[in-house]
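Down below is the structure, laid out as structure tokens.
Quick note: the coordinates plus some simple rules give every number you see, no bench work behind them. Just so we're clear, the structure is a prediction, and the values are computed from it rather than from any experiment. Quick reminder, even Gly has a Cβ in these numbers, built from the backbone with ideal geometry, and neighbours come from all protein chains shown.
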Amino acid sequence: MSNLIEYEAASDEVRAVYDDIRTTRQTEYINNFWKALAHHPPTLKRTWETLKDIMTTPGELDPLTKELIYIAVSVTNSCDYCIASHTAAARNKGMSDQQHGELLAIIALANTTNRLANGYRIPVDEQFNT
């Protein structure tokens, strides 16, 4: 979908979500992801609220760790958009080039060993079952 809904053309319902994104992120910029989801305001609102709750609310995981996990899942799912946006977010939260390289090595290793375990249909060790 290339038709993105800009703020000026948005409905009041969409503008309310855009305003919350701007306030929460302390920026005037609205990502293309949100502009695309704006074609279905309930999905836009629901997705934003969930992302905001998980990614911006303090929890047991620090903000950089959350972004690293998001990158890992995005790489595994081959989501170019999410890889780019969450890599930028992780860099803004302090991720170094060395950390990024190590993260990508871990993702590659996990994907390799996961496929081997699945292919060989390896039974889970009893001691790993909790």
Lys pairs, the chain - Cα-Cα below 17 angstrom, 8 or more residues apart or on other chains:
5
Are there chymotrypsin sites (Phe, Trp or Tyr not before Pro) in segment 1-98 that DSSP puts in a loop and that have at most 15 other Cβ atoms within 10 Å, and which ones?
Tyr29
Using the Cα atoms of segment 12-89, I'd like the radius of gyration and the largest Cα-Cα distance, Dmax, both in angstrom.
12.8, 36
The chain, Rg to Rh (Cα coordinates; Rh as Kirkwood inverse mean 1/r)
1.07
Percent of Cα-Cα distances greater than 16 Å, calculated over segment 1-57:
35
Alpha carbon centroid spacing (whole Å) that separates segment 102-130 from segment 1-39:
39
Using only alpha carbon pairs under 8 Å that are at least six residues apart, calculate the relative contact order of the chain and give it in whole percent.
17
